[in-house]
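Q: Take a look at the following structure, please.
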Amino acid sequence: MIVVIPAYEPDEKLLRVVAELKRDTDYAIVVVNDGSSEAAEPVFAALPEGVTLLRHAQNRGKGRALKTAYEYIAAHFPQSEGIVTVDADGQHLPADVVRVSEDWEAHPETLVLGSRRFTGTVPWRSRAGNAITRVVFRLSTGVSVYDTQTGLRAFAVSRIPMMLEMRGERYEYEINVLLYATRQHMPIHEVTIETVYIADNASSHFHPMRDSWRIYKMILLFAASSLLAAAVDYVLVLSLSALFAKQAQGLLWSVVLARVISSFLNYMLNRKLVFEDCSRRSVFRYYLVAAGIMAANYGLLSLISRVMPLALAKLLVELALYPLSFYLQRRFVFARGERIS
């Protein structure tokens, strides 16, 4: 196994992590100095012999530091080896690093996560942040991962091309890896580890507002594009239904025409901004899903509008069908890769 430790402004905890890993394992260790200041130089200088130290001239973010290590490993280690990423702040115990590594060795096709259960004294922002991300991830992928923000992960060197393909240079990189893994149908396995927070996680460089936006951007952009398309659809249905009020199938024509226009807008926004898909095949899949959603929309609307105003019925139907639309687009329309058996 090869241990990768990205480090920005580390203290003696990095030295303790490395010393304990060298004492308890025979793993190769690669540390990346992510543009730390001169004040951190004594820490890096004290790393024991045999540890590979890579450097960034300036701080480039945790995601970029991991990618730098992966590029080095791809050039110097065989494809059959495994990589385990470990944080530099002492929150990953050597015994847990070994357990995650051994689980990967037993299941080398998987992405193994060291999953915390957030028991004991845990900073509120960490507990709340993980809980929110857990729900958002489940809604956006259909896959349940308890600890989406863990930095303790193991995977094969052969996965490095996929890991380098991921967008994101900072904290968003790790959530992007999980999102991409679900799209590629890569098995994800969680191993329960100890929850360790030192000094209320004071050494963390996570910026709550900036880095949370990077993590949640995909689901929020999808929501924004869906709301815009829904608003266009809503206005068109009401306008066209008034225009076709005297026709026998006025409601049906209103729903169909409004959905054709709003769905094209929704598709272009999701393709360019949310899922970043360039495949033309996604057009066919999208309109297949859109046709099903439109049929459900019309069926529900024709029933509910008999007992309440059309404006209110339309709003309720859109809210009911929104989660289904997101799930189908995430798992079918813009999905990539083949399922791994």
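Q: I want to confirm something. Restricting to segment 293-309 and keeping residues that are more than 13 Å from LEU252 (Cα to Cα) and in contact (Cβ under 8 Å) with a residue 12 or more places away in the chain, which single residue is farthest from the chain's Cα centre (by Cα)?
A: Per the criteria, the residue is ILE304.
Q: Please note which helices (runs of 4 or more DSSP H) are completely contained in segment 10-109 and include at least 3 residues that are more than 23 Å from HIS189 (Cα to Cα) and touching a His at 6+ places or on another chain (Cβ under 9 Å).
A: Once the helices (runs of 4 or more DSSP H) in segment 10-109 are filtered for at least 3 residues that are more than 23 Å from HIS189 (Cα to Cα) and touching a His at 6+ places or on another chain (Cβ under 9 Å), what remains is 62-76.
Q: Then there's this: List, please: which pairs have Cβ atoms under 7 Å, are six or more places apart or on different chains, and start with a residue in segment 85-102 that is free of Cβ contacts under 8 Å to residues at least 60 places away in the same chain and assigned by TED's automatic domain parsing to the domain that holds GLY63 and end with one that is among the basic types (Lys, Arg) and not in a loop (DSSP other than H, G, I, E, B)?
A: From segment 85-102, no pairs qualify.
Q: A further question on this structure: Would you check if ALA57 is within 24 Å of GLU172 (Cα to Cα), among the small types (Gly, Ala, Ser) and either out of contact with any Lys or Arg (no Cβ under 6 Å at 6 or more places or on another chain) or buried (at least 22 other Cβ atoms within 10 Å of the Cβ) (or both)?
A: For ALA57, the condition - within 24 Å of GLU172 (Cα to Cα), among the small types (Gly, Ala, Ser) and either out of contact with any Lys or Arg (no Cβ under 6 Å at 6 or more places or on another chain) or buried (at least 22 other Cβ atoms within 10 Å of the Cβ) (or both) - is met.
Q: Here's another thing I want to ask about it. Tell me, which residue of segment 6-27 that is buried (at least 18 other Cβ atoms within 10 Å of the Cβ) and hydrophobic (A, V, I, L, M, F, W, C) is nearest to TYR72 (Cα to Cα)?
A: ALA7
The values are calculated or read from the model by the stated rules, or taken from the named source; none is laboratory data. Predicted, not measured: the structure shown is a model, and the values here were computed from it. When we count neighbours, we look across all protein chains shown, and the Cβ atoms used for this are built from the backbone with ideal geometry, even at glycine.
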